[in-house]
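Novice: Before I ask anything, let me first share the structure, which is written out below as structure tokens.
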Amino acid sequence: MRRKVIAGNWKMNMLPNETMKFIEELAPLVKDTKNEVILCVPYTDLFYALMGVQGTNIKIGAQNMHFEKKGAFTGEISPDMLKCINVEYVIIGHSERRQYFNETDESVNKKLKAAFEVGLKPIVCVGETLDERESGKAFQIITSQTEKALEGLTKDQVKNTIIAYEPIWAIGTGKTATSADANEACEKIREKISEIYGKDISEEIIIQYGGSVKSSNSKELFDEPNIDGGLVGGASLEANEFGKIVNYK
Ligand code: 13P
């Protein structure tokens, strides 16, 4: 039985004082959950978040990083910089990074390898645009993104990657994929992983759904057999609402 992993992606929101207050409110709400709880916060909140979650079951992730170890990359953050302050997770290849910051399947793959090199656990995002869905290319796009992201990783690394299926048309739009559609997309990703890395790995890998997840639809989505939790944007900015999503059952 796979665990459910519920991660908040705060994107470019929340200041350090808001971060501390949020964690104080969330911690008692989720302390008894069997689900894994992760908050992916802006770089400037990481230190405060890591202090705040001490003694709780909440884990902390970053939202991006560079693939190089160090060097002349002004404004970038290296994998080691995250690891050395005890960040556990890192989101890689979010569609907003692909869309606004020119991230490609190739850079996503390099970042994934760099994350494993220092022991960070990656949450890698894949997802199709509305055009791609309407022209019947969704499954081809997401399985290709998955294959390219994971290329060259060991089976063990693949098993320890979290994949977030986030259809771009459902992000921040209030439009959620139906639970059946989201499940089918996650199933296609799982089948691709089975084809390349074997059934055992495909049955263990965590595949989340993301895109307008809220407390009113989380149970229906997360009860689907191929959806192992969610990557939550807007609804992760309010502790009570995010707590309800984590405790969806
Ligand atoms: P929303 O939940 O705001 O649609 O964002 C989803 C997302 O992009 C999470 O990474």
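Quick note: the coordinates plus some simple rules give every number you see, no bench work behind them. Nothing here was measured: the structure is a model prediction, and the numbers come from that model. Because the Cβ atoms are built from the backbone with ideal geometry, glycine has one as well, and the counts that use them run over all protein chains shown.
Novice: How high is the relative contact order of the range 155-241, given as a whole-number percent (alpha carbon pairs under 8 Å, six or more residues apart)? Write down the numbers at each step before the final one.
Specialist: Details: 141 pairs, mean separation 30.7, N = 87.
Relative contact order here is 35 percent.
Novice: Here is a further query. Which of the three applies to the range 186-249, rounded, prolate or oblate, going by the alpha-carbon gyration tensor with a ≥ b ≥ c and a/c under 1.5 meaning rounded? Mind showing how you got there, number by number?
Specialist: Values: a/c = 3.03, a/b = 2.64, b/c = 1.15.
Prolate.
Novice: Compute, for the chain, the length of the dipole vector about the Cα centre, with Cβ point charges of +1 (Lys, Arg) and -1 (Asp, Glu) only. Units Debye, rounded to 20. Write down the numbers at each step before the final one.
Specialist: Details: 31 positive and 37 negative charges, 90 e Å.
So the magnitude is around 420 debye.
Novice: While we're on this one: For the range 224-230, what does the Karplus curve 6.51 cos²θ - 1.76 cosθ + 1.60, with θ = phi - 60°, yield as ³J(HN,Hα) per residue in whole Hz, taken in order and with x for Gly and Pro?
Specialist: Computed from phi, the couplings for the range 224-230 are 5, x, 9, 9, 9, x, x Hz.
Novice: Could you name the lysines whose alpha carbon sits less than 20 Å from that of LYS69, not counting residues in the same chain fewer than 8 places away?
Specialist: Once the sequence-local lysines are set aside, what remains near LYS69 is LYS83, LYS110, LYS111, LYS113, LYS121.
Novice: Just going by the charge dipole of the chain, with Lys and Arg at +1 and Asp and Glu at -1 on Cβ, which of ALA62, SER95, GLY52 is farthest out on the positive end?
Specialist: About the Cα centre, the residue reaching furthest to the positive side is GLY52.
Novice: Take each of the peptides 120-127, 62-69, 79-86, average the number of other beta-carbon atoms within 10 Å over its residues, and list them starting from the highest. Don't skip to the answer; put the middle values down first.
Specialist: Working: 120-127: 24.2, 62-69: 19.5, 79-86: 16.6.
Highest-to-lowest ranking by the protection proxy: 120-127, 62-69, 79-86.
Novice: If you don't mind, there's one more thing I want to ask. Quick one: which residues, 5+ away or cross-chain, put their amide H under 5 Å from the amide H of LYS121? H built at 1.01 Å from N.
Specialist: TYR89, VAL90
Novice: Still on this structure, I have one more. Sum up the lysine pairs in the range 184-249 that clear both bars: alpha-carbon distance under 24 Å and a spacing of 8 or more or different chains. Can you show the working numbers first?
Specialist: Values: LYS188/LYS199; LYS188/LYS214; LYS188/LYS219; LYS214/LYS244; LYS214/LYS249; LYS219/LYS244; LYS219/LYS249.
Pairs that pass both the separation and distance tests number 7.
Novice: Going by average Cβ density within 10 Å per residue, which order do the peptides 191-203, 220-232 take, highest to lowest?
Specialist: On the way: 191-203: 16.0, 220-232: 21.8.
Per-residue mean Cβ counts within 10 Å order the peptides as 220-232, 191-203.
Novice: Helix-only mean residue ellipticity at 222 nm, the chain, DSSP H runs n ≥ 4 weighted -39,500 (n - 2.57), per residue, nearest 500. What is it?
Specialist: Dividing the helical sum by the residues of the chain leaves -12500 deg cm²/dmol.
Novice: Is the shape of the range 5-140 best called rounded, prolate or oblate, per the rule: a/c under 1.5 gives rounded, else a/b larger than b/c gives prolate, else oblate, with a ≥ b ≥ c the square roots of the Cα gyration tensor eigenvalues? Show your work: numbers first, answer last.
Specialist: Values: a/c = 1.96, a/b = 1.33, b/c = 1.48.
Judged from the Cα gyration tensor, the range 5-140 comes out oblate (a/c at least 1.5, b/c at or above a/b).
Novice: Quick one: dipole size for the range 1-122, taken about the Cα centre, charges +1 on Lys/Arg Cβ and -1 on Asp/Glu Cβ, in debye to the nearest 20. Spell out each step's value before the answer.
Specialist: Numbers: 17 positive and 15 negative charges, 82 e Å.
Here the range 1-122 has a charge dipole of around 400 debye.
Novice: Is any helix in the chain, taking whole DSSP H runs, at least 15 angstrom long along its axis by alpha carbon and on average at least -0.5 on the Kyte-Doolittle scale, and which ones?
Specialist: Details: long enough: 16-30 (21 Å, 0.07); 105-118 (20 Å, -0.56); 138-150 (18 Å, 0.20); 179-197 (26 Å, -0.78).
Both cut-offs are met by 16-30, 138-150.
Novice: Would you mind counting up the charge near CYS186? Only other residues with Cβ under 9 Å from its Cβ, with Lys and Arg at +1 and Asp and Glu at -1. Present the calculation step by step, with values, prior to reporting the outcome.
Specialist: Numbers: positive: LYS188, ARG190; negative: GLU184, GLU187, GLU224, ASP228.
That works out to -2.
Novice: Quick one: in the chain, what % of C-alpha pairs are over 22 Å apart?
Specialist: Working: 15446 of 30876 pairs.
Result: 50 percent of Cα pairs exceed 22 Å.
Novice: What are the residues whose amide H is under 5 Å from the amide H of LYS4, where those residues sit 5 or more places off or on another chain and H is modelled from the backbone?
Specialist: Amide H neighbours of LYS4, under 5 Å, 5+ apart: GLU36.
Novice: Taking 22 Å as R0, compute the FRET efficiency from the Cβ-Cβ separation of LYS137 and THR104 and round it to 0.05. Please report the intermediate quantities before stating the final value.
Specialist: Values: r = 18 Å, r/R0 = 0.81.
Given R0 = 22 Å and the Cβ-Cβ separation, E is 0.80.
Novice: What percent does the relative contact order of the chain come to when contacts are Cα pairs within less than 8 Å and at least six residues apart?
Specialist: On the way: 494 pairs, mean separation 53.6, N = 249.
Once normalised by length, the contact order is 22 percent.
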